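See below for the structure under consideration.
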Amino acid sequence: DPTRVMVSPFSMDVTVGESIVLPCQVSHDHSLDIMFTWSFNGHLIDFEKDGDHFERVGGQDSAGDLMIRSIQLKHAGKYVCMVQTSVDKLSAAADLIVRGPPGPPEGVTVDEITDTTAQLSWRPGADNHSPITMYVIQARTPFSVGWQAVSTVPEIIDGRTFTATVVGLNPWVEYEFRVVAANLIGIGEPSRPSEKRRTEEALPEVTPANVSGGGGSKSELVITWETVPEELQNGGGFGYVVAFRPFGTVSWMQTVVASPDAARYVFRNETLPPFSPYEVKVGVYNNKGEGSFSPVTVVYSAEEEPTRAPTTVLARSLSASDVEVSWAPPRENQHKGRIQGYEVRCWRHEGKEENAKRIRTVGNQTSTKVNNLRGNTLYHLAVRAYNTAGTGPSSAAVNVTTKKPPPSQPPGNIIWNSSDSKIILNWDQVKALDNESEVRGYKVLYRWNRQSSTSVIETNKTSVELSLPFDEDYIIEIKPFSDGGDGSSSEQIRIPKISNAYARGSGSSTSNACTLSAISTIMISLTARSSL
């Protein structure tokens, strides 16, 4: 029987991303071998090389269907199924139309540019078998993060319009433009960028932000502001106009700061009264002229250093390492400056004052702690006020001796036993050395084994009774405390969970509980002794 095509491939219209099957099924003499091949636009398809998109499917010797996966625009064209036996051959063809997003527009040109607008034109790219419905214009500058969509006139650019005006641009900024087309299937690739064009100059419109100041040295008025970004300077020759006047007066004094990067101006005059209010504003200018000024704000001229020392300085030792110092503020002339805080200096008797430890407070605080000192050591402390102009005179030094260090020996021979939901702890008394503070009591720290928060009980005895549930493991430490602070802690003791039957037993089980308690006591006692 001659070979005949029973189901031939047929022309199709598909969208990018779809998958299809082109059929090719024949009837033939089954005594003859048959071979199917496919060509695309005149070239044989290599199913191994192009396996990502093309695959032979069918599963029968009389079917040679072609599957095309994830169709791309490049797959549009003519497909031919060729069937061959040893005695005859035939073929069947079909055309595949692939619709997709538009191709990139071409020839984007900046026809005219002003200080805030740019007139663009372009040619449409391929519509890829789906009419272009709209265009979007994007712009990029040295200051932008990538490409950004811009406002245009008309606001919506339809697919039959090939020119538009970009509005809302910044003066004196270099721009590039590109155009993106879209249709019902999607958004296409952008065009190549246009040539770079700089918008024209204009008067500056943005004024400096956060105008403030103050501080500085004697006879100075310090004025500060945030610089205007380059993309908002609107032209070359950019600078600042600083204007100021004593508060309540009429006439402004002005000066020009020619650097666009300047953020500070200092006016110096020996007749400038200290800590006096001034009205201040900062304007801008460029090659096109002057812009507007920032809102008026009040800035104070430089203060004078405090002229008087704090009084009634007192110091007392809190522990072997901590001292508290307090003072009374000086009576300053408020018209010459403010006290912003105090500086406490602390040095050992055998040390030098210039190497003193310094602690600064802020605001009206009139006491502070000095930490990390040596135990049983004589220290000298002095206090002085400070402000933006500097530090004032120092108070007379006061003396304080830190307390002796706390005991270095941890509690030893720790024994515990349990009874009726209670844990009873006993330990040997800690004796302080001659150069250590006397023991005033003990701190027992305990927590659940699986928790981080710790509870503390203080006692002046060498034993303590804890009422704790027996359904948890406990970690316990004991350390002495003294006027010099907390002493060395014992090693951690783990008290294991105890069943209720033993803890609360009565009758015959009581003897078992007593036996368990005694065994626990002996074991912990031995462990504590060996660890010491």
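The values are calculated or read from the model by the stated rules, or taken from the named source; none is laboratory data. On a predicted model such as this, the values are computed, not experimentally measured, just so you know. So basically every Cβ, Gly included, is an ideal-geometry build from the backbone, and we count neighbours across all protein chains shown. Keep in mind that these areas ignore ligands, DNA and RNA; they rest on the heavy atoms of the full protein, side chains included. Shrake-Rupley method; radii C 1.70, N 1.55, O 1.52, S 1.80 Å.
Can you pull the percent of Cα pairs in segment 4-99 with separation above 21 Å? Show your work: numbers first, answer last.
On the way: 1297 of 4560 pairs.
The proportion of pairs with Cα distances above 21 Å equals 28 percent.
So what is the calculated 222 nm ellipticity per residue for the chain, using -39500 (n - 2.57) for each DSSP H run with n of 4 or more, over all residues, to the nearest 500 deg cm²/dmol? Please report the intermediate quantities before stating the final value.
Values: 2 runs with 28 residues, N = 532.
Helices in the chain give a 222 nm mean residue ellipticity of -1500 deg cm²/dmol.
For residue 197 and residue 147, what is the calculated FRET efficiency with R₀ set at 22 Å and r taken between the beta-carbons, to the nearest 0.05? Working shown, then result.
Working: r = 16 Å, r/R0 = 0.72.
Efficiency computed from Cβ-Cβ geometry: 0.90.
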Net charge over other residues, Cβ less than 15 angstrom from the Cβ of residue 86 (K, R count +1; D, E count -1): -4
Distant-in-sequence amide H partners of residue 152 (H built 1.01 Å from N, under 5 Å): 167
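Largest first, how would 197, 338 line up by accessible area (1.4 Å probe)? Don't skip to the answer; put the middle values down first.
Values: 197 70, 338 115 Å².
Result, largest first: 338, 197.
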Extension reserve of the residue 449-residue 394 stretch, reckoned as 0.36 nm per residue once the Cα distance is removed: 14.5 nm
Simple label model, 7 Å out from Cα along Cβ direction - residue 44 to residue 114, nm: 6.6
Inter-site label distance for residue 431 and residue 121 at 7 Å from Cα along Cβ, in nm: 10.8
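How large a share of the accessible area of the chain, in percent, is made up of carbon and sulfur atoms when the probe is 1.4 Å and the other protein chains stay in place?
Values: 13570 of 28530 Å².
Solvent-exposed carbon and sulfur of the chain make up 48 percent of the total.
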With at most 10 neighbouring Cβ atoms within 10 Å, loop GluC sites (Glu not before Pro) (DSSP) excluded, longest segment of the chain: 351-532
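I'd like the FRET efficiency for residue 263 and residue 362, computed as 1/(1 + (r/R0)^6) with the beta carbon distance as r and R0 of 22 Å, rounded to 0.05.
Numbers: r = 25 Å, r/R0 = 1.15.
The calculated FRET efficiency here is 0.30.
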Surface accessible to a 1.4 Å probe, residue 232 within the full protein complex, Å²: 50
Surface accessible to a 1.4 Å probe, residue 10 within the full protein complex, Å²: 110
Virtual spin-label span in nm between residue 10 and residue 134, 7 Å along Cα→Cβ: 3.7
Heavy atoms of residue 346 accessible to a 1.4 Å probe, total area in Å² rounded to 10: 10
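Could you work out how much longer the chain between residue 457 and residue 378 gets when fully extended? Use 0.36 nm per residue separation minus the Cα distance between them, nm to one decimal. Don't jump to the answer; show the numbers that get you there.
Numbers: separation 79, 0.36 × 79 = 28.44 nm, distance 3.29 nm.
Going from the current span to full extension adds 25.2 nm.
How high is the FRET efficiency from residue 251 to residue 230, r the C-beta distance, R0 35 Å, rounded to 0.05? Write down the numbers at each step before the final one.
Details: r = 33 Å, r/R0 = 0.95.
Approximately 0.55, to the nearest 0.05.
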Charge sum, other residues only, whose C-beta stays under 9 Å from residue 490's C-beta, Lys/Arg counted +1 and Asp/Glu -1: -1
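Let me make sure I get this right: for segment 311-401, a, b and c are the square roots of the gyration tensor eigenvalues over alpha carbons, sorted descending. Under 1.5 in a/c it's rounded, otherwise prolate if a/b > b/c, else oblate. Which is it? Walk me through the numbers before you get to the answer.
Working: a/c = 2.30, a/b = 1.94, b/c = 1.18.
Note, shape of segment 311-401 comes out prolate.
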Whichever lysines have a C-alpha closer than 23 Å to that of residue 218, once near sequence neighbours (fewer than 8 apart) are set aside: 281, 336
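If 15, 361 are ordered by their accessible area, calculated over protein heavy atoms with a 1.4 Å probe, which sequence runs from highest to lowest? Mind dumping the intermediate values first?
Values: 15 45, 361 5 Å².
Listed by decreasing accessible area, they come as 15, 361.
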Tensor-based shape of the chain (alpha-carbon gyration tensor, a/c under 1.5 rounded, otherwise prolate or oblate): oblate
Volume in Å³ per residue [convex hull over Cα atoms, computed for segment 415-495]: 89
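With a probe of 1.4 Å, find how much accessible area the chain has per residue, and write the answer as a whole number in Å². List each step's numbers first, then the result.
Numbers: 28530 Å² over 532 residues.
Ligands and nucleic acids excluded, the result is 54 Å² per residue.
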For a label point 7 Å along the Cα-to-beta-carbon line of residue 155, residues of segment 166-208 with backbone N under 16 Å: 166-168
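Using 26 Å as the Cα-Cα cut-off, could you pick out the over-long pairs in 369/403; 369/461; 357/479; 352/431; 357/404?
Working: 369/403 15 Å; 369/461 31 Å; 357/479 31 Å; 352/431 36 Å; 357/404 21 Å.
The pairs that break the limit, which is 26 Å between Cα atoms, are 369/461; 357/479; 352/431.
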